[in-house]
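*Asks:* After the structure tokens below, expect a handful of questions from me.
Taken together, the values in this text are just the output of simple stated rules run on the coordinates, not laboratory data. Please read all numbers here as calculations on a predicted model, not as lab measurements. Please note: Cβ atoms are built from the backbone with ideal geometry, for glycine as well, and neighbour counts cover all protein chains shown.
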Amino acid sequence: VLHVLGARPNFVKAAPVVRGLAELGSAGATGTASGSVSGPVVRQGIIHTGQHYDALMSDVFFADLGLPEPIANLGVGSGTHARQTAALLTGLEDVILEHRPDLVVVYGDVNSTLAAILVCAKLGVPTAHVEAGLRSFDRTMPEEVNRVVTDALADILLCTSPDALSHLANEGVDPAKVHFVGNPMIDSLFAALPSLDPEKVRARLGIPERYAVATLHRPGNVDDAGKARELVDAVREVSELVPIVVPLHPRGRTRLAEAGLVTGGNLTIIDPLGYLDFLSLVKGAALVVTDSGGVQEETTMLGVPCVTVRPNTERPITITHGTNRLVTPATLPAAAAKALADGAATPTGELPPLWDGKAGPRIARVIAAWLRGDNLSPAAAQAVRASGD
Ligand code: UD1
Ligand code: UDP
């Protein structure tokens, strides 16, 4: 089995799957010197596409998540969508032909995911998609295009929430290919919890006890100067209510700084944080302002109020079962004030189903059954799920 990973959120989602597959074979199996993970059942390795390459966007996640060294790094780097995807396609074709895996596992909705699914479909290599079926129904988002294409081509579709099952059914995907397995990003969060230390990270960054965290990187928010200005004005207004620390994704760095997102007053702009430092800061925060997909899920589980500056979300379960609210730059200051006043009460009091820290082992069992040649019917899939609870 080869896992194709390229960007920050991929690493977080893959770690529990890699661990789950390793533990199928021999409890606690770890990486070998060559970087691949061996067990009696499944031999696996990571292909890093190099879509994200800064140490703070990549290496720190391998260390924090205990991921084995990749067996290859394609070093594709940054570019326009066409150029980056083209480099991903040619690089991945070579490496898939070299290793001839029985199955390729792809994660989420980034360009590395799209390229891997296309290459494998053309080479006839079977694929599994972790986080299948999420839809924002907004095709101006590059991620939505990647999701639709990936799910049309994947052989095994592994879903994190019930709405994803409905979307795939509506698109005519064969239900025998679809499995509701829970959310591996939440497995990583659970695994990290004992190591989180908000006080320590706060003290290191010189942040007061009550603070907010903001992350901003969506093209719709940061690529256009006018929109960036509107957003930064709103964030500055929120910073009059509560000090805000912004671990800034490299994508928006220049444009957001030009729009006035600079350290001073109640705003602290820093480099992206490693996974454990970032989650520590989120856990201790009074409020999170974000446009990230994963951060909407993590705040829901940590019970931290979250305002998401987007017109839509592919993760509506974080609104119905969590702490998330959608806002525009215009409504952000009032929504932030309300969230700070209300704290984090979830509407139903129930967290999303199967966000229980056991998604990695469930996915590993689906993959193992598939590798054995079992043709999983929905009833058999149900049994796989039940045996994990
Ligand atoms: C990508 C994903 C997005 C995901 C995000 C997670 C696509 C289409 N988008 O967006 O869905 O939410 O990752 O963080 O795949 N850069 C660096 N150093 C790096 C990586 C990127 O400086 O290590 C800068 C470069 O200027 C680059 C820009 O960030 O041009 C964008 O990087 P890219 O990977 O193309 O997209 P993201 O915005 O990171
Ligand atoms: N994250 C991190 N450091 C940061 C910002 C985010 O470790 O400075 C983590 C976050 O906890 C989550 C993942 O990165 O697990 C989300 O990635 P991102 O927001 O870049 O992508 P998205 O989820 O929007 O695709």
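*Asks:* Looking at the stretch 46-103, what % of the alpha carbon pairs are farther apart than 12 Å? Write out the running numbers ahead of the final one.
*Replies:* On the way: 1132 of 1653 pairs.
For the stretch 46-103, the share of Cα pairs beyond 12 Å comes to 68 percent.
*Asks:* Roughly speaking, what is the centre-to-centre gap between the stretch 283-305 and the stretch 57-122 when only Cα atoms are used, to the nearest Å?
*Replies:* Result: 28 Å between the Cα centres.
*Asks:* What is the extension gain from GLU209 to HIS81, computed as 0.36 nm multiplied by their sequence separation minus the C-alpha to C-alpha distance, in nm to one decimal?
*Replies:* On the way: separation 128, 0.36 × 128 = 46.08 nm, distance 4.11 nm.
The span from GLU209 to HIS81 would gain 42.0 nm if fully extended.
*Asks:* Can you list which of the chymotrypsin sites (Phe, Trp or Tyr not before Pro) found in the stretch 194-281 are DSSP loop residues with at most 16 other C-beta atoms within 10 Å?
*Replies:* On the way: sites: TYR211, TYR275, PHE278; in loops: TYR211.
When the chymotrypsin sites (Phe, Trp or Tyr not before Pro) of the stretch 194-281 are filtered for loop state and at most 16 Cβ neighbours within 10 Å, nothing remains.
*Asks:* I need the per residue convex hull volume for the stretch 173-215, using only the alpha carbons, in cubic angstrom as a whole number. Intermediate values should be presented prior to the final figure.
*Replies:* Details: hull volume 5.3 nm³, N = 43.
Measuring per residue, one finds 123 Å³ for the Cα hull of the stretch 173-215.
*Asks:* Using the alpha-carbon centroid of each, what span in Å lies between the stretch 206-273 and the stretch 307-331?
*Replies:* 18
*Asks:* Measure nothing fancy, just the Cα-based angle from helix 359-371's long axis to the longest principal axis of the chain, in degrees from 0 to 90, nearest 10.
*Replies:* 20
*Asks:* If you wrap a convex hull around the C-alpha atoms of the stretch 59-149 and split its volume per residue, what is the figure in Å³?
*Replies:* On the way: hull volume 10.8 nm³, N = 91.
Measuring per residue, one finds 118 Å³ for the Cα hull of the stretch 59-149.
*Asks:* If you take the beta carbon distance between LEU371 and LEU97 as r and set R0 to 22 Å, what does 1/(1 + (r/R0)^6) give as a FRET efficiency, to the nearest 0.05?
*Replies:* Given R0 = 22 Å and the Cβ-Cβ separation, E is 0.60.
*Asks:* In a Gaussian network model over the chain where Cα atoms closer than 10 Å are linked, find which of HIS52, HIS249, HIS99 has the largest mean-square fluctuation.
*Replies:* HIS99
*Asks:* Once the Cα atoms of helix 81-99 and of the chain are each reduced to a long axis, what angle between those two axes, in degrees from 0 to 90 to the nearest 10, is obtained?
*Replies:* With both axes taken from Cα atoms, the answer is about 30 degrees.
*Asks:* Still on this structure: P(r) of the stretch 119-226 in 5 Å steps, Cα pairs, percent per bin?
*Replies:* Bin by bin from 0 Å, the calculated values are 2, 10, 15, 14, 14, 13, 12, 10, 6, 3, 1.
*Asks:* At 7 Å along the Cα-to-beta-carbon direction for both GLU240 and THR254, put a label point, then send me their distance in nm to one decimal.
*Replies:* The modelled label-to-label distance comes out at 3.2 nm.
*Asks:* Provide the convex hull volume over Cα atoms per residue for the chain, in Å³.
*Replies:* It is 130 Å³ per residue.
*Asks:* Here's another thing I want to ask about it. Counting only residues 5 or more places away or on other chains, whose amide H sits under 5 Å from the amide H of VAL105 once H atoms are built in the peptide plane?
*Replies:* LEU2, HIS3, VAL4, ALA128
*Asks:* Considering the chain as a Gaussian network with a 10 Å cut-off on Cα pairs, which listed residue, GLN51, GLN84, GLN296, attains the greatest mean-square fluctuation?
*Replies:* In this elastic network of the chain, the residue with the biggest mean-square fluctuation among GLN51, GLN84, GLN296 is GLN84.
*Asks:* Still on this structure, please answer the following. Roughly what angle does helix 111-123 make with the longest principal axis of the chain, taking Cα atoms, 0 to 90 degrees, to the nearest 10?
*Replies:* So the inclination is approximately 20 degrees.
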